[in-house]
Structure formats: C-alpha cells, structure tokens
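The values are calculated or read from the model by the stated rules, or taken from the named source; none is laboratory data. Just so you know, these numbers come straight off a predicted model, no measurement behind them. Cβ placement follows ideal geometry from the backbone for every residue including glycine, while neighbour counts extend to all protein chains displayed.
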Amino acid sequence: MTIEHPRRLLGACILLFTLLAVPAQVDARGGAPTPAAELPPGVVAQVAGRTLTFGGFASAVAKQALRELKRFRGGPRSVLEQLIEELMIVQECTKLGITVTQADVDALWKSWDMRLRTTSGGSRTLEDAIKEQRTTKREFIEQMWHILRKDRVAAHPKYLGKQLPKDENSRLRQVGIVIAQVRVKAKIDYGVEALDLERQGKKVVRLPKGTIVLVNGKPITMTEFGKALVTRMPGNKVREYLDKECKTALMESKDVKLTKADLDAEFEHLQKLWPLERELQRDEVWRTVSFKDRFETQFNMTMDDVRKSRYSRGLLGLVRKMRAGVAESDVQAEYIKHKDGRYGAHILVYDIQIKFAQRKGLMAQQGLPSLREANKQANVLSSRLSRGESFDAVANSMNMQRKPWLQAKRIRIYKTDKDLTVRQHAERLRDGDVSSPFETLAEVHVMKRVGVRPARTLTEVRPHTLEMVARRKAREWIETKMKDPQWVRIRWPLPQRGQ
C-alpha cells in the first residue's frame with residue numbers, strides 16, 4: 001500500500017485534532033494540580049476523604065455525557081460516532097480478510113515524520129506536530145490504525161477498485177463514499193437517546209445493562225465510552241467533567257441530598273421567583289421567556305434530567321441550605337449594593353443596534369456591514385420611528401431579514417451602566433424622542449426613549465435578593481473548598497492523556 005502524504009492530517013484527521021485538543025496550561029478552575037507522587041496510582045482525585053479512581057471517573061463522565069447526547073451534535077456525540085465507525089471498520093476488515101500490522105503503522109509514521117522534517121528544513125517532527133495539536137501520541141497512533149484500516153477497505157475490489165486514486169482529494173472522496181456504504185449496511189442499535197436519531201429513522205432500543213450501542217451485534221459499553229471521552233475530548237472539557245465530579249462529592253459531604261418532595265419544592269420555589277427575576281433583567285426580551293425555557297437554559301438540561309443528576313441536585317440542595325442561613329443584614333447589604341443598578345430607577349428605551357466591521361477583513365469573515373453602510377441603514381430606521389411607526393413593526397421587519405448583526409431590543413438603562421455613550425444618549429432624550437444614529441465601539445445605535453421607571457423597594461425584591469445571597473454563598477463555599485488541598489486533591493493532567 002502506498003504510504004499517505006502527511007497533509008492528510010488536515011483532511012482525514014481534522015476531526016481527530018478537534019476531539020483530542022488539550023490546553024497548553026491547566027485550567028485554573030477547581031483544585032490545584034497535585035504531583036502524581038502524592039496520589040496513589042490509578043487515583044484521579046481525593047475529595048473530602050473519598051477517593052475517585054480513573055475507572056470511577058470515566059464512568060461518571062459517561063453518565064454526564066449521556067444527557068449531552070440528547071442536545072448536542074458535537075462533543076460526546078462525536079466521540080460515540082467515532083467509536084461506532086472504528087468498531088464497524090474493524091468488523092469489515094475481518095469480513096474481507098484485511099490485516100493491518102504494526103509494521104504498516106510504523107511505516108506510515110516514518111513517512112509522515114520524514115515528510116515533515118523535509119518540508120520544515122529539519123525544524124519539525126511528527127511528534128512536534130502532535131504536541132502542537134495538543135493530542136496524545138497514543139491516541140494519535142490509534143487513529144493511524146483506523147485510517148489504515150479505512151484505506152484498505154476503500155481499496156478492496158469489493159468496492160470501488162483494487163487501489164485508491166493517487167490524487168489526494170479523489171482519494172479522500174473514495175474513502176468517504178466506501179465508509180458511508182459500509183455504514184448503510186451495518187446494523188446499529190442505540191440504547192441511549194441521541195440528537196437526530198429520529199431524523200435518521202432510528203429509535204432507542206432496550207440493550208443489556210452497561211451497553212449503549214450495538215454495532216452488528218457487538219457492544220460499545222459505558223466503560224469504553226467513558227474512557228474514550230476522557231482521552232479524546234478537549235482537555236478543558238475533561239477538566240470541566242473532573243471539576244464537576246469533585247464538586248458533586250464536596251456537596252454530598254455537606255449532606256445536601258434532596259428527597260423527591262424537597263426537589264419538587266425547589267422547582268416550585270424557582271418557578272414562583274421567575275416572574276420577579278425576569279423583570280429585573282436589563283433586556284426586556286426576558287418578559288417573553290417561560291420558566292421552562294429559562295430552567296433548561298440555566299441547567300442545560302430538562303427537569304427530568306436534573307432529577308437524575310447528582311451535580312444539579314447537589315447545587316439545588318446547597319443553595320437551599322445556604323438560603324436557610326442567610327441573615328437579614330446580608331439581605332440588606334445585597335440590596336444596598338445594587339440599589340442604583342438592578343433594583344434602582346431606570347430609563348426604559350427601545351434600542352436598535354447595527355454591528356459594523358472595524359476592519360475590512362471582518363466584513364468578509366462575518367458578513368458585517370461597513371460603518372458607512374451601518375449608518376445608512378440606521379438613518380432609515382431612525383426616520384421610520386420618527387414618523388410614528390411602532391417599534392414592534394420596525395423590529396419585526398428587522399427580524400425578517402435574519403441578520404445576526406441587526407438587533408432591536410427593549411432595555412433598561414441604569415445609573416451604574418458602564419456604557420456611558422448609551423446612558424448619556426438615553427438621559428438627554430425626552431420621553432417619546434428618537435435619537436439620531438450614534439456610534440459605540442462596534443455598533444451604530446438608534447434609540448427611542450419610553451420613560452423613567454421607579455426604583456424597587458427592598459420589600460418588593462426581597463425574594464430575589466435573598467436568592468442572590470444564597471447562590472453567592474453556595475458558589476463561594478464550593479470555590480473555597482476546591483482550592484483547599486485539605487478538601488480536594490486533583491491529579492492533572494491525567495496520565496491517560498499524557499502518554
């Protein structure tokens with residue numbers, strides 16, 4: 001077989017690089033990195049006297065990721081689809097009598113390495129490229145095995161010929177076509193909910209415990225999925241999973257578990273709080289957001305999933321516990337802190353924003369108009385409002401254009417707003433007046449003033465103020481404990497990601 005040109009890394013391996021990216025520096029969130037010698041082999045973290053092994057962590061990551069499969073196409077879903085393809089190609093190689101050996105992999109490595117050394121004048125090696133892409137050598141080599149297997153299948157006489165085309169783009173297209181044919185023939189049974197399954201005409205089926213997918217009858221287990229996530233997901237995402245598992249253990253040590261009745265009471269509490277909370281948002285678009293949508297955005301999952309999430313239940317339980325201990329002096333201090341901001345008197349305005357390109361390159365990259373074009377459009381919109389056309393009519397016509405750089409909002413302008421240009425224009429207008437177009441750093445604005453709204457009393461906003469204090473105390477408690485080696489010791493980066 002002809003050994004591949006190393007530029008194929010930019011084509012066939014681009015997904016690999018995306019999935020395996022590891023940050024050059026350790027994420028600062030959570031506990032400080034602990035030297036490997038200070039934790040026993042195989043231990044990922046120690047939290048409040050509890051030990052988290054690599055196997056336990058991989059299992060926890062898999063459980064967290066199952067909920068993400070239902071909402072996102074990337075991340076865990078990409079890793080799962082990659083595992084499916086790898087198993088499917090191994091099975092096809094077995095059926096066709098195709099064998100890939102260590103010698104094949106070594107030859108491919110040598111070819112790519114030599115080509116990089118030559119093109120860089122000896123300044124770069126393949127190992128340098130792997131480090132630059134922030135992946136691990138072990139995982140990169142695993143993908144080399146997969147690439148070789150795919151090439152051998154694509155070059156089999158059963159499919160499109162006895163050999164692959166010499167032209168690289170044609171070659172990649174042939175591999176893609178053949179792999180798609182193999183997938184169509186494969187029987188893939190999903191045991192977990194995943195985005196787009198219905199669009200593919202697939203339904204979730206009941207599989208043996210611990211199995212999430214069957215590929216032609218062969219299982220991909222939760223354990224395999226979890227280990228693949230830990231070694232293949234971007235490093236910052238893996239660290240996020242690790243932090244979340246450590247925080248969960250911390251909260252459980254504080255005995256914040258909620259019964260079903262407690263959890264229902266928390267949901268009810270948040271739902272009662274939402275009408276006031278959305279009225280205090282700067283952007284009035286929140287007025288149209290339902291509690292259900294707000295909840296799912298805040299927790300990034302449905303209520304049913306929150307019930308199954310140890311981390312989310314722990315957060316709700318911790319805030320509930322902190323709420324019970326908030327003193328009246330804390331509530332008053334919180335109110336005074338924000339009495340000129342979210343609780344204070346404010347000007348309600350209609351604000352049209354037109355983003356413009358600050359550099360010529362941005363126009364091509366993001367489709368942004370020039371400053372001149374933005375001002376021209378702003379003058380048209382200002383004239384429409386000045387002639388008495390309703391803001392809703394103008395906003396609807398803007399929305400129909402589906403241009404992300406064109407927005408119309410109802411916003412509240414407070415004394416504490418940091419954008420002085422916007423605040424000063426709002427203060428100079430009289431109720432009902434429409435401004436001429438004016439510029440901020442990256443936007444042209446047209447503003448119509450509605451009127452002044454009075455400040456809210458402590459009595460009116462007490463439930464919200466109390467909740468803000470409780471949430472802040474919960475956050476501070478977690479952050480303090482995560483930084484204390486007496487409570488949390490973390491090994492990072494994980495040895496499994498550094499080999």
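Structure values in brief
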| quantity | calculated |
| --- | --- |
| For residue 177: the one exception among (1) of a type in the set (A, V, I, L, M); (2) surrounded by 16 or more Cβ atoms within 10 Å (Cβ to Cβ); (3) more than 30 Å from residue 301 (Cβ to Cβ) | (2) |
| Any hit, the stretch 285-293, residues being within 22 Å of the chain's Cα centre (by Cα) and in contact (Cβ under 8 Å) with a residue 40 or more places away in the chain | no |
| Single residue of the stretch 197-244 satisfying the filter (polar (S, T, N, Q) and modelled with pLDDT under 90) that is farthest from residue 488 (Cα to Cα) | 200 |
| Residue tally, condition surrounded by 18 or more Cβ atoms within 10 Å (Cβ to Cβ) and of a type outside the set (A, V, I, L, M, F, W, C), over the stretch 190-207 | 2 |
| Of the criteria (1) touching a Leu at 6+ places or on another chain (Cβ under 8 Å); (2) among the aliphatic types (A, V, I, L, M); (3) at pLDDT 90 or above; (4) within 23 Å of residue 237 (Cβ to Cβ), which one residue 126 fails | (4) |
| Single residue of 268, 240, 284, 252 found to be among the acidic types (Asp, Glu) and in contact with a helix residue (DSSP H, G or I) (Cβ under 8 Å, 6 or more places away or on another chain) | 252 |
